[in-house]
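Here's the structure, in structure tokens; my notes come after.
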Amino acid sequence: MTVLIEIKVPDVGNVAGIDVVEVLIQPGDVVALEQTIATLETDKASMDLPSSAAGTVQQVYIKQGDKVSEGSLIATVLVNEEASVTPVAAEQAALPTPVAPVEKAAQQSVAPVSKPVVVAIESSVMNKVPHATPSVRLFARELGVDISRVKKGSGRKGRILKDDVKNFVKKVMEEGIVATGAGIPSIPTIDFSVFGDTETVKLSKIKRLTGQNLSRVWLNLPMVTYHEEVDITEMEAFRNALNAEKAKGELKITGLMFIIKALVTAMQQFPSFNAALSADGEQLILKKYFNIGIAVDTPNGLVVPVLRDVNYKTINQLAVELAEKSEKARQGKLLPADMQGGCMTISSLGGIGGMSFTPIVNAPEVAILGVTRAKMQPVWNGKDFEPKLMLPLDLTYDHRVIDGAEGAKFMATLKYYLGDIRRLLL
Ligand code: CAO
């Protein structure tokens, strides 16, 4: 014999207006005794509503978003009486809930129905309904996870645990990051030999290490490059005069030495350029020493020997030291200590050419100065065009440490000193 059983909200301890947050059954579903058919939530807790009968769902009277209270009709289930639970047994079914357990079973009214139904609980049906405690469901909902998408629980009998929800979120995030390109999708591998002859050579160790470092910096630092032009006509005249005084074979001075000196003088006035950001990004470590790294082109790649205590050294001393270190660099004889302790780096392509470029900061330094080739230009003096030797400079800085106005002021200061290097004596 079959009967139609009404499943109602049991005594939930005088709480009215309980939210229906999830309905897990629909007409035609086969439910087992104690199988969760809906999840209810008050402002204090979440609870799973178990079916107090085993059978086929005839009708569902609630939907997500409804408000219910004790006695509200949830669903009707067609039950084969012999195979199912008696009302007494149903009354003993406890709700697995963190709030006071709702012991009193759903109030049921039993009505005989004519057509007998054989209750068979198919595993596929069981699998459709996720098995998880209210706290895990609540946890999933807080994370915005549809728990039915967490396919397999690692708990007893496949019960979904908090860790399963976490792992599900992790997986979705990882897949999402790759799909949206927010991560670092790799460059596709291409067989170039289909287009013509190729040869594969191994990158030098320096190039590989430099590449890794540059990629790291590129991804971590929000960088801005500021371009400026400096009139170095007088500086060049002075340099030429100095070099003319030098004996044959004696080391000549390049404009770079003046740039190094002027850079350090500007850094003394702008301490945030002689600094490093702490790992948590919350503090600035101000350096009281002035070491300048110089990017040197070598057959094996770029290396950056460091000139130490530049503020205490003369132009001639710096010229000798750079000549020694760049020679050592080209012979691959620099020691790690020769390349450590830099405060700011200069990358000068002036000997080669260029109008401007965007050097990458040599982090954890916060700024780098790029130099390209000076050239004679007509400069308007208010009355006439005058021929002036203009030097292009490019300042890239870590925008977390240096703001735009500070960058511009720093460059104006550098321009001031290089425009008349006598000011470096003041
Ligand atoms: N404008 C015009 N001429 C310049 C110049 C500039 N900005 N910079 C250098 N020159 C001239 C020099 O005066 C010199 O000419 P003379 O022989 O007639 O005097 C000539 O170019 C060669 O100079 P140099 O490059 O040998 O010497 P330097 O002191 O200017 O630079 C060093 C030294 C080590 C920085 C350089 O040799 C070097 O390796 N540069 C490459 C750096 C590099 O690869 N950077 C790329 C980094 S990527 O971010």
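The values are calculated or read from the model by the stated rules, or taken from the named source; none is laboratory data. What you see is a predicted model, and the numbers here were worked out from it, not measured in a lab. Note that we place each Cβ from the backbone using ideal geometry, even for glycine, and neighbour counts take in every protein chain shown. Accessible surface is based on the protein model in full, side chains and every heavy atom, while ligands, DNA and RNA are left aside. Shrake-Rupley method; radii C 1.70, N 1.55, O 1.52, S 1.80 Å.
What value, in deg cm²/dmol to 500, does the helix sum -39500 (n - 2.57) over DSSP H runs of n ≥ 4 give at 222 nm once divided by the residues of the chain? After summing the helix terms and dividing by residue count, I get -8500 deg cm²/dmol.
In order along region 400-406, phi translates into HN-Hα couplings of 6, 9, 10, 8, x, 5, 5 Hz, rounded to whole numbers, per the Karplus curve 6.51 cos²θ - 1.76 cosθ + 1.60 with θ = phi - 60° and x for Gly and Pro.
For the residues MET173, MET390, a 1.4 Å probe over the protein chains yields an accessible-area ranking, largest first, of MET173, MET390.
For region 253-259, 3J(HN,Hα) computed residue by residue from phi via the Karplus equation (6.51, -1.76, 1.60; θ = phi - 60°) reads 9, 9, x, 4, 5, 5, 5 Hz, glycine and proline entered as x. Each of ASP191 and GLN377 was given a label point 7 Å from its Cα along the Cα-to-Cβ line. The distance between the two points is 5.1 nm.
Computed with a 1.4 Å probe over protein heavy atoms only, the accessible surface of the chain comes to 57 Å² per residue. For helix 315-330, report the angle its Cα long axis makes with the longest principal axis of the Cα atoms of the chain; keep it between 0 and 90° and round to the nearest 10°. Here the helix axis deviates by roughly 60 degrees.
Rounded to 0.05, the FRET efficiency of the GLN340 and MET1 pair, given R0 = 60 Å and the Cβ-Cβ distance, is 0.10.
When each of the peptides 256-269, 287-300 is scored by how many other beta carbons lie within 10 Å of its residues on average, the order from highest to lowest is 256-269, 287-300. Approximating the spin labels as points 7 Å out from Cα along Cα→Cβ, the LEU302-to-VAL224 distance works out to 2.2 nm.
Between LYS202 and LYS409, residue separation times 0.36 nm minus the direct Cα-Cα distance comes to 70.2 nm. Relative to a virtual label point 7 Å from the Cα of PHE238 in the Cα→beta-carbon direction, which members of region 412-426 show backbone nitrogen distances below 16 Å? Backbone N within reach: 413-426.
Measuring between alpha carbons in the structure, the pairs from LYS288/LYS325; LYS248/LYS328; LYS246/LYS415; LYS67/LYS171 lying more than 29 angstrom apart are LYS67/LYS171.
Rolled with a 1.4 Å probe across the full set of protein chains, the surface gives ARG216 an accessible area near 130 Å². Per-residue Karplus couplings for region 356-362, computed as 6.51 cos²θ - 1.76 cosθ + 1.60 with θ equal to phi - 60°, are listed in order as 5, 7, 10, x, 9, 4, 8 Hz, Gly and Pro entered as x.
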